[in-house]
Amino acid sequence: MAMKLSEFPSAWLEEIIHLTNERFVIVNRNGEILYLSQKYCEFLNTTLEAAVGKPVSEVIENSRMQIVAKTGKEEISDIQEINGSVMVASRYPLFVNGELVGALGTVVFPTPDNLREYINKIQLLVTELNYYRTKDGHRAKGKVTFANLVGESPLFLESKKLAEKVSNSDSSILITGESGTGKELFAHAIHNRSLRANFPFVPINCAAIPEELFESELFGYYEGAFTGAKRGGKKGFFEIANHGTIFLDEIGDLPFSMQSKLLRVLQEGEIQPVGAQKRIPIDVRIIAATNKDLSEMVKNSSFRQDLYYRLNVIHIEIPPLRKRKEDIQLIANHLLRKLEKIFYRKGVTFSEEVVKVLKNHTWPGNVRELENVLERAINVLDGNRIEVVHLPLYLRDVISKENREIIVDEQFIEPLKETIAKSEKQAIIKALKVAKGNKLEAAKLLGISKTTFYDKYKMYFS
Ligand SMILES: Nc1ncnc2c1ncn2[C@@H]1O[C@H](COP(=O)(O)OP(=O)(O)O)[C@@H](O)[C@H]1O
Ligand SMILES: [Mg+2]
């Protein structure tokens, strides 16, 4: 007869646990030790009495049990160093009646077998890492030119032509457009087409620089300007970009106090590094970009009007992808060729259905979103054709809704005979209702003979 574990005398259970070779620990939700197996006690040079009730991190080096007891997420075969030995640790959340009550942890010395497994795992990671390194390298390389700006819709071509035309001027440019429309790409192309192309193009994300670092980052500082200042000082972005182009990205996020400092530099063409006595003349071309409505911000006083005018000498607006649907397939193909090179693939195509989905989506994240969708697709692709299943769920939903509508439509288009039969049936029911069940009366109401009525009645209702 089978016995439930709970029916074993506790002395038995204890002996069974003692006999298992595994070292293990049980903690409660707070990560306090409830139990430590005999062998684990010996290994840690402690006793059960001393360990119980203590936070596990105090008893076991590098323990993560307190985390697993909180998150409920198991961690299998982790490498953990304890008392100078490399151990393989597994941590399992303990759920009782669906409630997370704590966690069970086990450690074993690695055997030659699982050591080999680890070496394989690590090798895989190293290969992946190298791959991503070269991938990023690929991305950074290559000069962006106007030929890289794909699109043939009139709206897009208008912006592109304007950008080409003003490349050689030194006037400030303000590029506006939703996120992912290619503002940075445009700025790059403009710089590379200009006479400044052999000098640096320095992109600065105005949203990402902390306010207190803004001056030293942009204008640099001299040695000893403040405590912690680097020996020899540091060149600011403006000096680095000298004779080149500065790209002020997310300019709409520049704090108000910084706006005046920037304006002064633009007006005077000089910078004064923090702690410097002299001003340094600077020759840079400014291209700013934002997805915010700066004129609106000027109106509600969150952006300086004088700076706005300085930046907005030439305005280039890049239309969102949904306003140039004819460019979607073109750009998708271009991005696919680009991704093929990065992922060492060749001859990847889109299924017709996928093209339809891509064209119908509104692309709130614009070209960047499209790029992400395609990168994901190429990652999960087995063959050479991107199908709907390779698209992220939120895009697949669009198509399945569409399909559902088609199916509903198909149900509506049925053989004419069926449609006629249904409406005859409906008419008979109606007539009978009005005639209060009198069939002769109903036949009269319908304008048919008694026999025809009976024939039809029999056909539909028996
Ligand atoms: N017209 C385009 N043709 C090809 N690639 C584009 C185009 N517009 C944008 N991209 C690509 O889309 C991504 C987002 O562009 P980015 O310039 O960073 O957008 P933004 O600065 O407007 O957010 C980049 O990888 C860029 O290369
Ligand atoms: Mg950007």
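Among the numbered conditions (1) farther than 18 Å from THR106 by Cβ; (2) modelled with pLDDT of 95 or more, tell me where ILE33 comes up short.
Exception for ILE33: condition (1).
State all residues of segment 240-278 that are among the aromatic types (Phe, Trp, Tyr) and open to solvent by 10 Å² or more (accessible area, probe 1.4 Å); if no residue qualifies, say none.
Within segment 240-278, PHE256 is the sole residue that qualifies.
Consider ILE287 carefully, then state whether it is assigned by TED's automatic domain parsing to the domain that holds PHE214, within 16 Å of ligand 2 (Cβ to nearest atom) and open to solvent by less than 80 Å² (accessible area, probe 1.4 Å). Don't jump to the end; show me each part of the working.
Numbers: assigned by TED's automatic domain parsing to the domain that holds PHE214: yes; within 16 Å of ligand 2 (Cβ to nearest atom): yes; open to solvent by less than 80 Å² (accessible area, probe 1.4 Å): yes.
Against the criterion (assigned by TED's automatic domain parsing to the domain that holds PHE214, within 16 Å of ligand 2 (Cβ to nearest atom) and open to solvent by less than 80 Å² (accessible area, probe 1.4 Å)), ILE287 qualifies.
What pairs can you find where one residue is in segment 19-32 and closer than 15 Å to THR46 by Cβ, the other is among the polar types (S, T, N, Q) and surrounded by 12 or more Cβ atoms within 10 Å (Cβ to Cβ), and their Cβ atoms are less than 6 Å apart, with a gap of 6+ or different chains?
Qualifying pairs under 6 Å: ARG23/SER37; PHE24/SER37; PHE24/THR106.
Of the conditions (1) over 20 Å from THR362 (Cβ atoms); (2) within 12 Å of ligand 1 (Cβ to nearest atom); (3) open to solvent by less than 20 Å² (accessible area, probe 1.4 Å), THR145 fails just one. Which one is it?
(3)
Quick check on my filter: what residues within segment 225-276 are part of a loop (DSSP other than H, G, I, E, B) and modelled with pLDDT under 85? Please lay out each step first, then the result.
In the first step, residues of segment 225-276 are kept if they are part of a loop (DSSP other than H, G, I, E, B); the result is 225-233, 235-236, 241-244, 250, 254-255, 269, 272-273, 275-276.
Once the filter is applied, which keeps residues that are part of a loop (DSSP other than H, G, I, E, B) and modelled with pLDDT under 85, segment 225-276 yields ALA225, PHE226, THR227, GLY228, ALA229, LYS230, ARG231, GLY232, GLY233, GLY275, ALA276.
Every residue in segment 363-400 that is among the polar types (S, T, N, Q), modelled with pLDDT of 90 or more and over 17 Å from GLY182 (Cβ atoms), please. Break it down stepwise before answering.
We begin by selecting, within segment 363-400, every residue among the polar types (S, T, N, Q); these are 366, 372, 379, 384, 400.
With modelled with pLDDT of 90 or more added as a condition, the list becomes 366, 372, 384.
Within segment 363-400, ASN384 is the sole residue that qualifies.
Among the candidates THR452, THR419, single out the residue that is at pLDDT below 85 and over 20 Å from the mean Cα position of the chain (by Cα).
On the way: THR452 fails: at pLDDT below 85.
Going through THR452, THR419 in turn, just one is at pLDDT below 85 and over 20 Å from the mean Cα position of the chain (by Cα): THR419.
Surrounded by fewer than 14 Cβ atoms within 10 Å (Cβ to Cβ), in the same structural domain as MET65 (by TED's automatic domain parsing), at pLDDT 90 or above and closer than 21 Å to GLU32 by Cβ - does that describe any residue in segment 89-98?
Scanning segment 89-98, I find at least one residue that is surrounded by fewer than 14 Cβ atoms within 10 Å (Cβ to Cβ), in the same structural domain as MET65 (by TED's automatic domain parsing), at pLDDT 90 or above and closer than 21 Å to GLU32 by Cβ, so the answer is yes.
Name, by its number, the condition in (1) among the small types (Gly, Ala, Ser); (2) more than 16 Å from ligand 2 (Cβ to nearest atom); (3) touching a residue at least 40 places away in the same chain (Cβ under 8 Å) that does not hold for GLY269.
(3)
Are any residues in segment 64-76 in contact (Cβ under 8 Å) with a residue 40 or more places away in the chain and touching a strand residue (DSSP E or B) at 6+ places or on another chain (Cβ under 8 Å), and if so, which ones?
Selection gives MET65, ALA69.
Which residue, of LEU330, LEU307, is assigned to a helix (DSSP H, G or I) and either in the same structural domain as LYS161 (by TED's automatic domain parsing) or open to solvent by less than 30 Å² (accessible area, probe 1.4 Å) (or both)?
LEU307
Restricted to segment 170-212, and to residues that are open to solvent by less than 40 Å² (accessible area, probe 1.4 Å) and hydroxyl-bearing (Ser, Thr, Tyr), which residue is nearest to ligand 1 (Cβ to nearest atom)?
THR181
Residues to consider are GLU58, GLU7; find the one that is without any contact (Cβ under 8 Å) to a residue 24 or more places away in the chain, acidic (Asp, Glu), surrounded by fewer than 18 Cβ atoms within 10 Å (Cβ to Cβ) and outside the structural domain of MET87 (by TED's automatic domain parsing).
Criteria check complete, one pass: GLU7.
Listed residues LYS292, LYS278; which is within 16 Å of ligand 2 (Cβ to nearest atom) and of a type outside the set (Ser, Thr, Tyr)?
Just a single option satisfies the conditions, and that option is LYS292.
Just to confirm my filter: which helices (runs of 4 or more DSSP H) fall fully inside segment 23-113 and include at least 1 residues that are β-branched (Val, Ile, Thr) and in contact with a Pro (Cβ under 7 Å, 6 or more places away or on another chain)?
65-71
The values are calculated or read from the model by the stated rules, or taken from the named source; none is laboratory data. All figures in this text were calculated on a predicted structure; none of them were measured in a lab. Every residue, glycine as well, gets a Cβ built from its backbone with ideal geometry; the counts of neighbours run over all protein chains shown. Only protein heavy atoms, including side chains, enter the accessible area calculation; ligands, DNA and RNA are left aside. Shrake-Rupley method; radii C 1.70, N 1.55, O 1.52, S 1.80 Å.
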